[in-house]
Structures are given as C-alpha cells and as structure tokens.
Amino acid sequence: QRRLVESGGGLAHPGDSLTLSCQASGFNFGAVHMRWHRQSPGKARELVAMIVYDGTQQEYADSVKGRFTISRDNTKNVVYLQMNDLTPEDSGVYYCHVQTLGLWGGGTTVSVAS
C-alpha cells in the first residue's frame, strides 16, 4: 500500500503564494529522494524540484528557482513545495514522485489567473 497524496492546490492570482503538501505512506520515506513534477495541458510533464532523502540538498528547474522551495519532514512523511510570486505559467497539475519506486500521487491542481 505505497501511496502519495497531494494537497494544497487551488486558485491563485499572479504574485500570490501557495504551499503544496504530499503525504506519503507504505514505504521508508526517509530513505528516498522526493520530487515534484507539474504538467499543463498540451505540455510534457516536467520536473520542478527534487530533495534528497535527508533534506540536505535541493534542486530546482530554472523556471522556478528563487521562487519555489522544496522541503520535507521525515517525522511526518511529508514533502512540501512552497510556491511564491506565482505566474500563470505555473498553472498545471502538480505531482509528487518517488523515482526509485515508480510511484506517483494523483496530483493537485494549481490555477494562476487574474
């Protein structure tokens, strides 16, 4: 019963902030790297951010670097994505991912519009 469940998406205006959460269960969360991906209609799914197993290193797509922050709480089995200064180009479905397990969450939708 490995599972990832995202939450926190919704409607935001340009310049707003949102924080996404991904609750993990059914595996050793503290032993795996976590990733956030997003997908907009007509576009390929893209990697947004990655955080290593113990939270000490993070990587970001150029399009979000300086605006988004990925973090994790291994005592709660949760990974977060703090999104600041949102733009319409940030709109899409955001997915939590464990690459080594081939495990995806069902996604949470972010819509940025005026």
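Remarks
- MET50 - accessible surface, heavy atoms, 1.4 Å probe, Å² rounded to 10: 20 Å²
- Summed over the residues of the chain and divided among them, the accessible surface reaches 53 Å² per residue at a probe radius of 1.4 Å.
- Across the stretch 81-94, coupling constants 3J(HN,Hα) worked out from phi with the 6.51/-1.76/1.60 Karplus curve, θ = phi - 60°, read 9, 8, 10, 10, 6, 5, 10, x, 5, 7, 5, x, 8, 9 Hz, and Gly and Pro carry x.
- Cut-off under 5 Å, modelled amide H: who pairs with ASP16 long-range: LEU86
- Here the stretch 1-47 exposes an accessible surface that is 48 percent carbon and sulfur, computed with a 1.4 Å probe and the other protein chains kept in place.
- Table column - 3J(HN,Hα) (Hz), the stretch 39-53, Karplus curve with 6.51, -1.76, 1.60, x for Gly and Pro: 9, 10, x, x, 10, 6, 5, 10, 6, 9, 7, 9, 9, 6, 3
- Take every DSSP beta bridge whose two residues both sit in the chain; close to 90 percent of them are antiparallel.
- Relative contact order [Cα under 8 Å, 6+ residues apart], the stretch 27-75, whole percent: 31 percent
- Distance-filtered residues of the stretch 94-114 - backbone nitrogen under 18 Å, label point 7 angstrom along ARG45 Cα→Cβ: 94-110
- By definition, a body whose alpha carbon gyration tensor gives a ≥ b ≥ c is prolate when a/c is 1.5 or more and a/b is larger than b/c, and the stretch 11-66 fits this prolate description.
- Virtual paramagnetic centre 7 Å along Cα→Cβ of THR100, amide N under 16 Å, in the stretch 61-83: 74
- The string of couplings for the stretch 17-23 from the Karplus curve (6.51, -1.76, 1.60, θ = phi - 60°) is 10, 9, 10, 9, 10, 9, 8 Hz, one whole number per residue in order, with x for Gly and Pro.
- Reducing the stretch 83-103 and the stretch 1-58 to their Cα centroids gives an inter-centroid distance of 5 Å.
- Residues whose placed amide H lies under 5 Å from that of ARG72, excluding near-sequence neighbours: TYR80
- FRET efficiency, SER114 to LYS65 (Cβ-Cβ, R0 30 Å, nearest 0.05): 0.80
The values are calculated or read from the model by the stated rules, or taken from the named source; none is laboratory data. Quantities reported herein were computed from a predicted structural model and do not represent experimental measurements. Cβ coordinates were reconstructed from backbone atoms using ideal geometry, including for glycine residues, and neighbour counts include every protein chain displayed. Remember, those area values only see protein heavy atoms, side chains included, never the ligands or the DNA or RNA. Shrake-Rupley method; radii C 1.70, N 1.55, O 1.52, S 1.80 Å.
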